[in-house]
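Read the structure below first, then the notes.
Read the figures in this text as sums done on the coordinates, not as results from a lab. From a predicted model like this one, the values you see are computed outputs, not experimental measurements. Here the Cβ positions follow ideal geometry from the backbone for every residue, glycine too, while neighbour counts run over all protein chains shown.
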């Protein structure tokens, strides 16, 4: 699993995460390209989650259906007024929508009803 956390994202996450907290990253159905990344700061892991990446004090946790979509993920941060916040891109992206908020990866299953069908 290869995940890159850019310097601005690492700085922001290190300032927001308290001891014991982690960044939960997940993939859900949405957008015009089919899939979107979501993220939340959390303290308790769910039963189907695991740590997929650690960089210093930053831990990335995801659920089993989302893990296949995280290889090649790059997490950056923008402090722009519009479209600011964490930015997720993936080198394995087949298509993206015009706004860059959703994606589709070649050879991966579709997500139906909010759940990945493997």
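A few remarks follow.
- Remark: spin-label model distance residue 74-residue 16 equals 2.0 nm, labels positioned 7 Å along the Cα→Cβ axis.
- Protection proxy ranking of 59-71, 37-49, 6-18 - average other beta-carbon atoms within 10 Å, highest first: 59-71, 6-18, 37-49
- Using 0.36 nm per residue and subtracting the Cα-Cα separation, the extra length available between residue 55 and residue 91 on full extension is 11.0 nm.
- With the convex hull constructed from alpha-carbon coordinates only, the stretch 16-78 shows a mean projected area of 4.9 nm² over all directions.
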